[in-house]
Amino acid sequence: MKVQIQMLQALYRDMKAHRQPIMHVYVLLPALLLILLLSACTDGGALGGGAWQLSNLQKHAVRVLAVNPAKPASIYAADEQGTLFVSTDGGQQWTERGQGWSKPNPVLALAFDIPGEKLYAATEKGLFVSTDEGQKWTLISTQQMGLPADRYTSILFDDRRSHRVYVGTAGHGIFVSADKGTSWKAVSQGLPTNAAIKYLAYDPSARQIWATTTAGVFRSDDQGGLWRSFQHNLPANTAVNVVLPAAAGGGQERLVYAGTDKGLYISQDQGETWKTGKIPLTGARVLALLVDFRNDKTPLYIGTNKGAFRSNDGGQSWNLIAGGLPKGTIVYAFALGAENYSQLFAATANDVYLFPGMNGGWPFSRILFWVLILVLFVALYWVLTRSRRRRGAVRLAETKEKAEE
C-alpha cells in the first residue's frame with residue numbers, strides 16, 4: 001500500500017504543477033478511496049502473501065497432522081482408515097508410510113516427542129510408538145507397560161520436562177509416563193469416571209495441563225495429580241472440543257481459548273470466567289486451534305465446519321486466513337512446518353492444504369486488484385495530461401496557420 005500512496009502523491013504534485021486545483025481534488029480522492037477499498041476486500045489483503053494451495057495429498061480423510069521438531073520439513077498425516085503419509089520436502093510430495101496395525105484403525109492423535117526421536121500414534125486400537133520416523137510401530141498400550149486396552153484419543157508432552165508424556169483415553173482417563181514412555185501410571189483424580197478424554201494441552205508459563213473431556217473442561221496444576229473442572233461459566237450443554245492456552249504458542253499469559261460446538265470462548269483468567277469475542281462465531285463448530293509462534297502478535301487460527309479463520313486480537317474478530325479453500329470446507333487440524341516453519345498446513349474433509357502456496361501463482365483477487373490499479377492510473381494519466389495535449393494541439397494548429405501564410 002505504501003507504493004500506491006507514493007504514486008498518488010507523485011500524481012498530486014504533478015497536478016499542482018499544472019495548476020489544476022479543482023481537478024486534483026475530484027480525481028485524487030476517489031482514486032485513493034478505490035485503492036483502499038480494493039486492498040481491504042480481497043482475501044488476506046490484496047498485497048498479502050498468497051492463498052491456500054491444494055497439496056498432493058488428496059482424496060484422503062486426513063484428521064491429524066504432526067511435524068518432526070528435529071526436521072520441520074518432515075510432515076506427517078494420518079487418515080480415518082489408519083493410513084499414514086509423510087512428506088520430507090515441506091509438503092510438496094507425499095508417500096505412504098508403513099503401519100504396525102491392521103486397518104481400519106483411525107488415528108486420533110499423532111505427535112513427536114520434544115527431541116523428535118519418537119513418534120506416537122493414538123488410535124482406535126491402542127497407543128503405538130515408532131522410533132524410526134513411522135517405518136515400524138510397536139503397540140505399547142499393554143498390561144506390561146501399565147496401559148489399558150482402550151481407544152486412545154490424545155497425546156501431550158511437557159515442554160519443560162521432555163521425558164514426561166501424557167495420553168488420554170476414551171474410558172480410562174489420563175496416563176503419564178515420567179521415563180519417555182517406558183512405564184505409565186494413571187493420573188485421573190478429580191475427573192468423572194469413564195469421561196472420555198478429547199484433547200490435552202500444556203501451558204508452559206503456568207505449568208498447567210488442560211483436558212477437554214465429554215464432561216467438560218478440566219485443569220491440573222500439579223502435573224496431573226488432581227483435576228478441577230472449569231466448565232461452570234460456559235453455557236449449559238456446550239460441548240468443548242479443544243482447549244488451548246495462548247502461552248502454548250508464545251502468546252499472552254493467563255489467556256485460554258476453548259473451541260466448542262457453539263463457537264469460540266475466551267478466558268482472560270485461566271478458565272475462571274469465559275466470554276465470547278466481539279464476533280462470537282456461535283454458528284461455527286470449532287475443531288482445531290493453533291497459536292502462531294512465528295509472529296510477535298501470536299495470531300490465533302481456528303479450524304471449523306465453515307472454514308479456517310484468523311484472529312489478530314485474541315479471538316475478538318475474525319477474517320479468513322486466506323482465499324483458496326472451497327466455501328464451507330471443514331478444517332480438522334493445523335500444523336506449522338516446512339523449512340523455517342514457513343508453511344501452515346490444514347487437514348480438511350478430503351485433502352491437505354498448505355499456506356502460503358508454493359506454486360508461485362496469485363489468486364484471482366490479487367490479479368484483479370493490480371489490473372484495476374493499472375487501469376486507474378492510465379485513466380488518471382489521460383485526465384491529467386488532457387489540457388497539456390490540448391495546448392499542444394493549439395500550438396501545432398497555430399504553427400501550421402503561420403506556415404501557410
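Structure summary
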{"read-out": "Segment Asn237-Ser342, length gained on full extension (0.36 nm per residue, minus Cα span)", "value": "33.9 nm"}
{"read-out": "Cα pair distances in the range 166-289, grouped into 5 Å bins until the bin that holds the longest one, percent each", "value": "2, 12, 22, 25, 20, 12, 5, 2, 1, 0"}
{"read-out": "Phi-based couplings in Hz for the range 261-277 (Karplus 6.51, -1.76, 1.60; Gly and Pro marked x)", "value": "7, 10, x, 9, 10, 10, 10, 9, 10, 6, x, 5, 9, 10, 9, 8, x"}
{"read-out": "Local electrostatic count at Tyr199 - Lys and Arg +1, Asp and Glu -1, tallied over other residues with Cβ under 15 Å", "value": "+3"}
{"read-out": "Pairwise label distance in nanometres, Gln316 with Thr282, each label 7 Å out on the Cα-Cβ vector", "value": "2.1 nm"}
{"read-out": "Cβ-Cβ FRET estimate between Ser205 and Ala61, R0 fixed at 51 Å, reported to 0.05", "value": "0.90"}
{"read-out": "Calculated P(r) tail over 37 Å for the range 53-355, as whole % of Cα pairs", "value": "7 percent"}
{"read-out": "Charge tally in the Cβ shell below 11 Å around Arg63, where Lys, Arg are +1 and Asp, Glu are -1, Arg63 excluded", "value": "-2"}
{"read-out": "Nonlocal amide H pairs with Leu84, under 5 Å, H built at 1.01 Å", "value": "Arg97"}
{"read-out": "Förster radius 30 Å - calculated FRET efficiency between Lys327 and Gln93, Cβ distance, rounded to 0.05", "value": "0.60"}
{"read-out": "Links that overshoot a 27 Å alpha carbon limit, given the list Lys136/Lys306; Lys71/Lys278; Lys103/Lys198", "value": "Lys136/Lys306; Lys71/Lys278"}
{"read-out": "Spacing of the two label points (7 Å from each Cα toward its C-beta) at Lys275 and Ala149, in nm", "value": "5.1 nm"}
{"read-out": "Inter-label distance for Gln268 and Leu139, nm, one decimal - labels placed 7 Å from Cα along Cα-to-Cβ", "value": "5.1 nm"}
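Just so you know, all these numbers are worked out from the coordinates, no wet-lab data involved. Just so it is clear, the model here is predicted, and its values are computed rather than measured. Here the Cβ is made from the backbone with ideal geometry for all residues, glycine too, and neighbour counts use every protein chain on show.
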